[in-house]
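Trainee: Submitted below is the structure of interest, expressed as structure tokens.
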Amino acid sequence: MALATPIIAATYAEIALKGKNRNVFMRKLINNIRAMLKGEPVRTVKHVESRLLVYLDDAAAAPRVAGKLQRVFGLQWVSPVVPIAREAVDRELAQDLAAGREPRLSAVCEAAYRLAEQDRGDAAHFKVATRRSDRAFGLKSPEISMAVGRAVHERLGLPGRMTDPDFLINVLVLKEHILVFTGKEKAFGGLPAGSSGRAMVLLSGGIDSPVAAWLMMRRGIRPDFIHFYSGRNVQEADVAKIEELARILARFSPKPLNLHLVPVVPFEMRSIGVVPDSHDMVMFRRFMFMSAAKLARRQSCRALISGDSLGQVASQTIHNLGAIAPDLHLPVLRPLIGMDKMEITAWSKVIGAFPTSILPYRDCCSIRSPKPVLTARAQDLLRLSGEMDLKGAVNEALETAVCRVVD
């Protein structure tokens, strides 16, 4: 029978390095946890001695809640724990020490034994690791580990091993509780969602841009997504794949996210007979960046996010990246710029986007001229922008854009 674990402990890492503004990040993190766990049987969330403790009304919900907490940016480790009230433990320990007996730590040993019996699997040896956040406790960490380890060994016959054990029992002594747990799941770290502001993500149907969005979300960005579709209207466009990619990313957000669907027809109609085939791709990318920048300002986004990887395709040469939008007046964040395709694909699998990203989809970039210029010049693109009325194309496209909320 599984142990009741009505408390989940979570640790953070990078926030601890903050200075006077640490409380700002901590409030954001706690609010994000509450939002992510909306609808779950959460009684309260407490910040206790460099840890966050999530108290549940229903212990059976612990595995599900722990899984959601792993997707909260800012958290480093998550673990369901068995809480033991300090009052009873302290009273028993005082009696044992006064009588000159070996410390029993009965409740702690019982929890450790039951967890070991439940979770050890085929482990051949174990170790008890103790940490005292409350130094006023009557025993030192090695003494606690010895008492608990002895009890587990006597009841299970499992030998102890101090180096490289198969199985680890953790004991954490706090002021109000002693927490006992056997496993902890790694979260993604980073900064709390929304703590770095908002940015507009150019979201395609491929592998790269969802990874770029996720990496910047991990740095505290709250994203809006913009996608450019072919077709006369959004009803004719096949955007189900794009919506699914946005939903996958929204799983890591405490709030619903906006997906803006923008038509490319205004660009195509104005570029015919004006933009040569060699510059079709880079001019189309300029149209996307200029549209995204204008929409970003409307949505109070302070930057753009793009999935560019230097030299991966012809439009992402260093010349073309510099020439496409010299007059953008917004920073463009490119978290993948130094990654190769294998690294990006590995991240795509980690975040769960890869199976959707590789589904067949004919995005707008795939139908552009197959032989784009490799060394575009900014002055040429600015001249072509005037000749084809790129600003008019941007305005017309955004007038007919559709916004959908994903969560």
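The values are calculated or read from the model by the stated rules, or taken from the named source; none is laboratory data. The shown structure was predicted, so the numbers you read here are calculated from the model rather than taken from an experiment. Methodologically, a virtual Cβ is constructed for each residue, glycine included, from the backbone with ideal geometry; neighbour enumeration extends over all protein chains shown.
Trainee: Checking Ala353 against (1) surrounded by fewer than 18 Cβ atoms within 10 Å (Cβ to Cβ); (2) within 19 Å of Ala240 (Cβ to Cβ); (3) not hydroxyl-bearing (Ser, Thr, Tyr), only one condition comes out false. Which one?
Mentor: Against the list (1) surrounded by fewer than 18 Cβ atoms within 10 Å (Cβ to Cβ); (2) within 19 Å of Ala240 (Cβ to Cβ); (3) not hydroxyl-bearing (Ser, Thr, Tyr), Ala353 comes up short only on (1).
Trainee: Filter region 214-233 down to the residues that are among the hydrophobic types (A, V, I, L, M, F, W, C), more than 16 Å from Ile15 (Cα to Cα) and either not assigned by TED's automatic domain parsing to the domain that holds Ser300 or not in a strand (DSSP E or B) (or both) and list them by number.
Mentor: Our first condition is that a residue be among the hydrophobic types (A, V, I, L, M, F, W, C); within region 214-233, this holds for 214-217, 221, 225-226, 228.
Going one step further and asking which of them are more than 16 Å from Ile15 (Cα to Cα), we end up with 214-216, 225-226, 228.
Correct list: Trp214, Leu215, Met216.
Trainee: Which condition does Tyr113 not pass, out of (1) buried (at least 18 other Cβ atoms within 10 Å of the Cβ); (2) within 30 Å of Met26 (Cβ to Cβ), if it passes all the others?
Mentor: Condition (2) is where Tyr113 drops out.
Trainee: Just name the residue that is surrounded by the fewest Cβ atoms within 10 Å (Cβ to Cβ) out of those in region 208-264 that are in contact (Cβ under 8 Å) with a residue 60 or more places away in the chain and among the polar types (S, T, N, Q).
Mentor: Asn233
Trainee: Quick check on region 273-282. Is at least one of its residues crowded, with 17+ Cβ neighbours inside 10 Å and small (Gly, Ala, Ser)? First the steps, then the outcome.
Mentor: At the first step, the residues of region 273-282 found to be crowded, with 17+ Cβ neighbours inside 10 Å are 275, 279-282.
Then keep just the ones that are small (Gly, Ala, Ser); that gives none.
Looking for residues that are crowded, with 17+ Cβ neighbours inside 10 Å and small (Gly, Ala, Ser), one finds none in region 273-282, hence no.
Trainee: Looking only at region 246-285, count every residue that is within 35 Å of the chain's Cα centre (by Cα) and either assigned to a strand (DSSP E or B) or farther than 21 Å from Arg232 by Cβ (or both) and tell me the total. Even if it seems obvious, please write down each step before you answer.
Mentor: Taking region 246-285 first, the residues within 35 Å of the chain's Cα centre (by Cα) are 246-265, 267, 281-285.
Now restrict to residues that are either assigned to a strand (DSSP E or B) or farther than 21 Å from Arg232 by Cβ (or both): 246-263, 281-283, 285.
Summing the residues that are within 35 Å of the chain's Cα centre (by Cα) and either assigned to a strand (DSSP E or B) or farther than 21 Å from Arg232 by Cβ (or both) in region 246-285 gives 22.
Trainee: OK, next. Among the residues of region 178-205, count how many are assigned to a strand (DSSP E or B) and touching a Leu at 6+ places or on another chain (Cβ under 8 Å).
Mentor: Taking region 178-205 and keeping what is assigned to a strand (DSSP E or B), we get 178-181, 185-186, 191, 198-202.
From the residues that got through so far, the ones that are touching a Leu at 6+ places or on another chain (Cβ under 8 Å) too are 178-181, 199-202.
So the answer is 8.
Trainee: Taking into account only those residues within region 125-171 that are of a type in the set (Asp, Glu) and closer than 16 Å to Asp90 by Cα, which is farthest from the chain's Cα centre (by Cα)?
Mentor: Glu143
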